[in-house]
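Everything on this sheet refers to the single structure shown next.
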Amino acid sequence: MKTKNFTIRPMNASEIEQAANLLACAYYDDVFFKWCVDDDNERHAIVAGYYQVYLRSRGCMAHVAESSDMGIIGASVWLPHDCDAGIYEEIERVVGASSAPMFRAVAEKSHLSEPPMKPFYQLVGFGTSKQTRRMGVGRALLEYCLNILDEAGIPTYLEASTPYTGGGIYGKFGYQPVGELMVFTDNAVLHPLWRPAKAGSINFGEFSWRVLFDDGASLLLLAENVLELKKYHDTFEKITWDGSDIKKYLNNEFLTKFSADEQNRITEIFLLSVEEVLEYLGGAHTGGKFYVDDSFNSLRAASYIDTMPCRWYLRTPGSTNDFIAVVMIDGRISICGDFVNRESTELFKVGMRPAMWVKKWGELL
């Protein structure tokens, strides 16, 4: 990636030490790293060593910004969610006995705060040289890697040491707060942020779909919006997914909205279960009897095609089989559910947000 003044490219192994030193300079006055290493004389060397461990780890994806007259002026470091756990022992050895407890605390809280969705990449550091700040180098570094991950449909996660604002650099790239704040002291606080992959949205048939999973041969798609305001079942009775009217509709009348070629690619049309929503859109059962209500609400919320917030049915039974689980307009999951024959109204919109497995052969876009 070339700009007017610099080039973004993958980092070479021979540049690891130089990039680590650049990051140590960029983070020297960072509140979080000051808490990790309170000795001003030791901070640079310790933080540089810390980043060298990451940069040498399996699966690390690192990039540099290079200027023809100044050399390397920026660097970014990304790790896969399943990176080798042995790097944390190596970090403790590198940072030394006095700083190891702080870095260990960060690793432990990070594993508690990171989203349950897999796979993803985590941005563990990016920075620019002082003389090139406000030149757009940092933005270009983020954009370069996010474009790569978007094409692969891989979401990303990070822990910002500054408070999140939607208008800041992370907000502009589509990051959203998730999980709980990682509080170490009044000043040392990390803000977990999540960004779905933008390439995870495709057009198939006349609708827009979010790619939830790619198994190599097929894609698991979820409608971006609630497509129809429709009852789960026409009558109030105990019913399961297999006998529901909405399943019959999806696999008959709704299927005819697709061309013959598209129908041949569709192997299954259904509504997500509560467990699938938690797996692909975030969240976890916390023992509550009525709702899943957490920091992933915004990722689960949806709108009707008229852009108005809308509830959407799941296929998991509610408290009894004449109730069905529902995702509320704010993204909470109602575990006890609503009537299977709930009628949608102007003030109470509820409908179907279908999911489907689609064969990958041919072009989908």
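Each value in this text was obtained by applying a stated rule to the coordinates, not by laboratory testing. Computed from a predicted model, the values in this text were never measured in an experiment. So basically every Cβ, Gly included, is an ideal-geometry build from the backbone, and we count neighbours across all protein chains shown.
Provide the percentage of antiparallel DSSP beta bridges, counting only those with both residues in the chain; round to the nearest 5. If you can, show how the numbers build up before the last one.
Numbers: 58 of 64 bridges.
Bridges in the chain that DSSP calls antiparallel: roughly 90 percent.
Projecting the Cα atoms of F120, T132, C60 onto the dipole axis of the chain, where Lys and Arg carry +1 and Asp and Glu carry -1 at the beta carbon, places T132 farthest toward the positive end.
Rounded to the nearest 20 debye, what is the charge dipole size of the stretch 280-336 about its Cα centre when +1 sits on each Lys and Arg Cβ and -1 on each Asp and Glu Cβ? Display every interim value, and only then the final one.
On the way: 5 positive and 5 negative charges, 24 e Å.
Value, rounded to 20: 120 debye.
Residues whose amide H comes within less than 5 Å of that of G74, counting only those at least five positions distant or on another chain, are A65, S129 (H built at 1.01 Å from N in the peptide plane). Listed from fewest to most Cβ neighbours within 10 Å, the set L281, L212 follows the order L212, L281. Put simply, the convex hull of the Cα atoms in the stretch 7-196 casts, on average, a shadow of 10.3 nm². Extension gain, A260 to E17: 0.36 nm times the residue separation minus the Cα-Cα distance gives 81.8 nm.
Averaged over residues, the count of other Cβ atoms within 10 Å places the peptides 202-208, 218-224, 11-17, 269-275 in the sequence 218-224, 269-275, 202-208, 11-17, highest first.
Give, rounded to the nearest 20 debye, the magnitude of the charge dipole that the stretch 200-359 has about its Cα centre when Lys and Arg contribute +1 at Cβ and Asp and Glu contribute -1 at Cβ. Walk me through the numbers on the way to the answer.
Values: 17 positive and 24 negative charges, 29 e Å.
Using Cβ point charges on Lys, Arg, Asp and Glu, the stretch 200-359 gives about 140 debye.
Database remark: amide H of F204 closer than 5 angstrom to the amide H of W209 (H placed geometrically; neighbours at sequence offset of 5 or more, or on other chains; Pro and chain starts carry no H).
Residue-wise HN-Hα couplings along the stretch 340-350, as the Karplus relation 6.51 cos²θ - 1.76 cosθ + 1.60 with θ = phi - 60° gives them from phi, are 5, 10, 4, 8, 7, 10, 4, 9, 10, 8, 8 Hz; Gly and Pro carry x.
Once you charge only the Cβ atoms, +1 for Lys and Arg and -1 for Asp and Glu, what is the size of the charge dipole of the chain about its Cα centre, to the nearest 20 debye?
Values: 36 positive and 48 negative charges, 120 e Å.
In debye, rounded to 20, the chain gives about 580.
Ignoring aspartates and glutamates fewer than eight residues from K238 along the same chain, the ones with Cα atoms less than 20 angstrom from its Cα are D322, D338, E343.
Among the listed values (i) 1.01; (ii) 1.09; (iii) 1.04, the one matching Rg/Rh (Cα atoms, Kirkwood Rh) as calculated from this structure is (iii).
For the stretch 197-319, what class follows from the C-alpha gyration tensor (a ≥ b ≥ c being the square roots of its eigenvalues): rounded when a/c is under 1.5, otherwise prolate if a/b is larger than b/c, else oblate? Can you show the working numbers first?
Numbers: a/c = 1.62, a/b = 1.16, b/c = 1.40.
Oblate shape, in that a/c is at least 1.5 and b/c is the bigger or equal ratio.
Collect residues whose amide H, placed 1.01 Å from N in the peptide plane, falls under 5 Å from the amide H of L272; neighbours closer than 5 in sequence don't count. Those lying under 5 Å, H to H, from L272 are R315, A355.
Rounded, prolate or oblate, given the Cα gyration tensor of the stretch 76-150, with a/c below 1.5 counting as rounded?
Numbers: a/c = 2.62, a/b = 1.34, b/c = 1.94.
The shape class here is oblate.
Figure legend: label point modelled 7 angstrom from the Cα of K289 along Cα→Cβ; residues of the stretch 326-363 with amide N under 15 Å from it are 335-337.
Of all lysines in the structure, the ones whose alpha carbon falls short of 21 Å from that of K359, not counting any fewer than 8 places away in one chain, are K198, K247, K257. Highest mean packing first, where packing is the average number of other Cβ atoms within 10 Å per residue, the peptides 40-46, 342-348, 69-75 line up as 69-75, 40-46, 342-348. Which of the residue pairs K109/K360; K130/K172; K118/K289 have a Cα-Cα distance greater than 28 Å in the structure shown? K109/K360, as the Cα separations exceed 28 Å there.
Using 0.36 nm times the number of residues separating E237 and N41, minus their current alpha carbon distance, what extension gain do you get? All intermediate terms of the calculation are to be shown ahead of the outcome.
On the way: separation 196, 0.36 × 196 = 70.56 nm, distance 7.19 nm.
Length difference between fully extended and current span is 63.4 nm.
Projecting the Cα positions of G337, A355, V226 onto the charge dipole of the stretch 200-359 (unit charges on Cβ atoms of Lys, Arg, Asp and Glu, taken about the Cα centre) puts G337 furthest along the positive direction.
Averaging the sequence gap over all C-alpha pairs within less than 8 Å and six or more residues apart, then dividing by the number of residues, gives the stretch 7-196 a relative contact order of 22 percent.
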